[in-house]
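Participant: Structure in structure tokens, see below.
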Amino acid sequence: MLQDIKYTSPETIADAAALLGEYGEDATVMSGGQSLMPMLRQRLADYELLIDINEVADRDYLRVDDDELRIGCLVRHTDVANSDTVAESCETLAETAAEIGDTQVRNRGTLCGALAHADPAGDPPVVATALDAEIKSQGPDGEHTYDGSSFFHGFYETELGENEIVTEASFPVVEPPYGAAYQKYEPSAGAYPTATVAAVVELDDSVVTDATLVTGAIEPGPTPMPEAEAHLAGETPTEDLVTTTAELVGDGSDPMEDSDGSVEFKREITKTLAKRALVTAIDRAGGDIE
Amino acid sequence: MSGSDTVTIEVTLNDRSLEETVPARTLLSEFLRDHEHLTGTHRGCETAKCGACTVLLDGDPVKSCNMLAAQVDGKELTTVEGLMDGDELHPVQEAFWNEHGMQCGFCTPGFVVSSAALLEEKEDPTIPEIQDHLAGNICRCTGYTKIIESVQEAADMQQEER
Ligand SMILES: Cc1cc2nc3c(=O)[nH]c(=O)nc-3n(C[C@H](O)[C@H](O)[C@H](O)COP(=O)(O)OP(=O)(O)OC[C@H]3O[C@@H](n4cnc5c(N)ncnc54)[C@H](O)[C@@H]3O)c2cc1C
Ligand code: FES
Ligand code: FES
């Protein structure tokens, strides 16, 4: 049984934000409820008021405008996974969504909720960091925009101001000369990942001009790997370069040891994931590995 | 508007329209079992992990322990009790029976409604598609093989009917 709680389902984001402003820490927003409900059930969180935003109209859009894939805050993981628009404009995001949790979780959980929640083992935050998604929010004082690459601070902390609601996330359209990929290792089907790596590369005449490598789940939040990125930049991809870059990703990481694995195990699996992600990202950017 | 302790929900539950006022904190699984006495929807982990409480919300499988009853206002719900057509078992139910897709039966309602939803989407799912679709349902008895065979058998039965 759940603790006593008041419930409301406002029809606009503005009403929801105003209520959040009024109640402050005593209220919370619910979108998919896939993280919030278990927290409430386990008494890890306690609120006086639950503001369910699922009745807000026109927030389930998914469209490409000006080379940006824009995703409204009520778009579910299933919608992202099954959308042709996402498959064509940001394949990596569609693949990521398809591998989140299980069918039932994907049918309810939202992409924007996952970004706001910033679970250390969550998948969308890693991809949003690597692709530098733009995250829009609305609070009682108006709208705000954040860069995905600096939005996450680890352990459920984000740039999001108090009483703000994430209203949209937009991702760049990824096509050659850009390529992206996301790889994860999960201990069992439907479980949160133990380790993940996102890779984004830009190629110019088969030289890597820019590279982004971000690990997830092993540290408290998405973690960029600047040394590995620098190792790759300016080079022509070879089997050896990919391997040494992937090793730098693993060796440069600082994993937390827990029931999912030791530090050594997580570093090793991260290397494997980094290599797979890089190979795919380079291929998708239109490059060859010599 | 500032929220209330009780909510009135209008829902179509297994093809029957009903309206009821419940405490706002009522979980959907609680509503189904304790208010509607539809005890086919099982409560296992109650923390969104096992899938025993799966029901169909507008046709899509969701975990009813992980939603509030308030959230089904204006929607259509199907529980395992709603799958039968009169006295006739749903093909998935019949196939679980024929193929021994269950042992203790605790997980079965969740598997059955999830599988029924899969076969609405895909007439002839592959084994990996069945496995992927049912990853949110846990069974501690069968080892899953018989469950997968049941779903395949149900797919065959449905295709023959068509
Ligand atoms: C069994 C299970 C397995 C899972 N496996 C994975 C997995 O492998 N990978 C993964 O990434 N996730 C996984 N999840 C989590 C899932 O992706 C959630 O959907 C997601 O973390 C939160 O999204 P939500 O829409 O459900 O948010 P909610 O549960 O509704 O909210 C979560 C938190 O974010 C806040 N919030 C929600 N929406 C907004 C918003 N628009 N603006 C501001 N704040 C908001 C809420 O106030 C709350 O604090 C799993 C969940 C379960 C139950
Ligand atoms: S009881 Fe709902 S998932 Fe286990
Ligand atoms: S038959 Fe016993 S848990 Fe599945």
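FYI, it's all coordinate maths here, none of it is from the lab. Being a predicted model, the structure only gives us computed values, none of them experimental. As a convention, Cβ positions derive from the backbone with ideal geometry for all residues, glycine included, and neighbour counts pool all protein chains shown.
Participant: At a Förster distance of 35 Å, what's the computed FRET efficiency of A:D240 paired with A:L44, Cβ-Cβ distance as r, to 0.05? Walk me through the intermediate numbers first.
Facilitator: Numbers: r = 47 Å, r/R0 = 1.34.
Here the calculated transfer efficiency is 0.15.
Participant: Tell me the trypsin sites (Lys or Arg not before Pro) within region A:28-137 that lie in a loop according to DSSP and have at most 16 other beta-carbon atoms within 10 Å.
Facilitator: On the way: sites: A:R41, A:R43, A:R59, A:R63, A:R70, A:R76, A:R106, A:R108, A:K136; in loops: A:R43, A:R59.
Those that pass, being in a loop and sparsely packed, are A:R43.
Participant: Using the Karplus curve 6.51 cos²θ - 1.76 cosθ + 1.60 with θ = phi - 60°, work out ³J(HN,Hα) for each residue of region A:102-115 in order, rounded to whole Hz, and write x for Gly and Pro.
Facilitator: 9, 3, 5, 5, 5, 5, 10, x, 10, 4, 5, x, 5, 5
Participant: Given the alpha-carbon gyration tensor of chain B, what are the semi-axes of its equivalent ellipsoid in whole angstrom, ordered largest first, with each equal to the square root of 5 times an eigenvalue? Each step should come with its number before you reach the end.
Facilitator: On the way: eigenvalues 167, 55, 34 Å².
The answer is 29, 17, 13 Å, longest axis first.
Participant: Specify the angular offset, from 0 to 90 degrees and rounded to the nearest 10, of the alpha carbon long axis of helix A:263-284 from the longest principal axis of the alpha carbons in chain A.
Facilitator: That helix lies at roughly 80 degrees to the long axis.
Participant: Would you mind computing Rg(Cα) / (2.2 N^0.38 Å) for region B:83-162, counting N as its residues?
Facilitator: Numbers: Rg = 11.4 Å, N = 80, 2.2 N^0.38 = 11.6 Å.
Cα-based Rg divided by the globular estimate yields 0.98.
Participant: Percentage of Cα-Cα pair distances in region A:82-177 greater than 19 Å, rounded to whole percent? Provide the component values of the computation, followed by the final result.
Facilitator: Details: 1842 of 4560 pairs.
For region A:82-177, the fraction of Cα-Cα distances above 19 Å is 40 percent.
Participant: Rg to Rh ratio, region A:110-240, alpha-carbon atoms and Kirkwood radius?
Facilitator: 1.01
Participant: Then there's this: On a 26 Å Cα-Cα criterion, which of the cross-link pairs A:K184/B:K75; B:K49/B:K75; B:K63/B:K146; B:K75/B:K122 come out too long?
Facilitator: Numbers: A:K184/B:K75 35 Å; B:K49/B:K75 24 Å; B:K63/B:K146 23 Å; B:K75/B:K122 23 Å.
Over 26 Å apart, Cα to Cα: A:K184/B:K75.
Participant: Give me the Debye-computed log₁₀ of I(q)/I(0) at q = 0.11 Å⁻¹ for chain A, equal point scatterers on Cα only, no solvent, two decimals.
Facilitator: Evaluating at q = 0.11 Å⁻¹ gives log10 I(q)/I(0) of -0.63.
Participant: Related question: Apply the Karplus curve 6.51 cos²θ - 1.76 cosθ + 1.60, θ = phi - 60°, to the phi angles in region B:148-154 and return the couplings in whole Hz, x for Gly and Pro.
Facilitator: Working through the residues one at a time gives 4, 4, 4, 5, 5, 4, 5 Hz.
Participant: Give me the orientation-averaged projected area of the Cα convex hull of region A:7-110, in nm², one decimal. Please report the intermediate quantities before stating the final value.
Facilitator: On the way: hull surface 29.4 nm².
Across all orientations, region A:7-110 yields a mean hull projection of 7.3 nm².
Participant: Out of all DSSP beta bridges with both ends in the protein assembly as shown, state the antiparallel percent to the nearest 5. The partial results should precede the final answer.
Facilitator: Values: 60 of 69 bridges.
For the protein assembly as shown, the DSSP antiparallel bridge percentage is about 85.
Participant: Compute the acute angle (0 to 90°) between the alpha-carbon long axis of helix A:239-251 and the principal axis of greatest extent of the alpha-carbon atoms of chain A; round to the nearest 10°.
Facilitator: That works out to roughly 40 degrees.
Participant: Report, to two decimal places, the Cα Rg of region A:39-79 normalised by 2.2 N^0.38 Å (N = number of residues). Could the numbers behind the result be given before it?
Facilitator: Details: Rg = 15.0 Å, N = 41, 2.2 N^0.38 = 9.0 Å.
Compactness ratio reported: 1.66.
Participant: For B:L68, what residues show an amide H to amide H distance below 5 Å, using hydrogens built from the backbone and excluding near sequence neighbours?
Facilitator: Distant-sequence amide H within range of B:L68: B:L28.
Participant: Using Cα atoms only, what is the angle between the long axis of helix A:13-23 and the major principal axis of chain A, expressed in degrees (0 to 90) to the nearest 10?
Facilitator: 70 degrees
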